[in-house]
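Report on the structure given below.
Throughout, read-outs are computed from the coordinates displayed, never taken from laboratory work. On a predicted model such as this, the values are computed, not experimentally measured, just so you know. When we count neighbours, we look across all protein chains shown, and the Cβ atoms used for this are built from the backbone with ideal geometry, even at glycine.
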Amino acid sequence: MVLQLLTNNKPGENEIKIIDNKGNLVFDKKPSDMKPKTMYNDTLTLNPGTYALLLSDTTGDGLEFWYEVEMYMPINPVLWM
């Protein structure tokens, strides 16, 4: 799996983690690991199972600082049943 993250102007406010269904931390990108307005591509090898992706924002203002019109790509979700 490749996890892509485009940081905003204030990446020191954000952290991204992945935990497994037992609560084990399997990935952690700390604020100190990120630079402003940078695309990160992390390749992860995960065992079959259930995982949670957690994106935290210490100031509660979201990723509002990263949005740029030329970078917008609409997403059309597909529901498989």
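Near Leu6, the amide H atoms lying under 5 Å from its own belong to Tyr40; only residues 5 or more places off or on other chains count, and H is placed 1.01 Å from N. Label sites at Leu44 and Ile19, each approximated as a point 7 angstrom past Cα along Cα to Cβ, lie 1.3 nm apart. For region 30-45, backbone phi angles converted through the Karplus equation (6.51, -1.76, 1.60; θ = phi - 60°) give residue-by-residue couplings of 7, x, 5, 8, 10, 10, x, 6, 10, 8, 10, 10, 9, 8, 10, 10 Hz, Gly and Pro being listed as x.
The distance between label points at Lys37 and Leu3 comes to 2.5 nm (points 7 Å beyond Cα on the Cα→Cβ vector).
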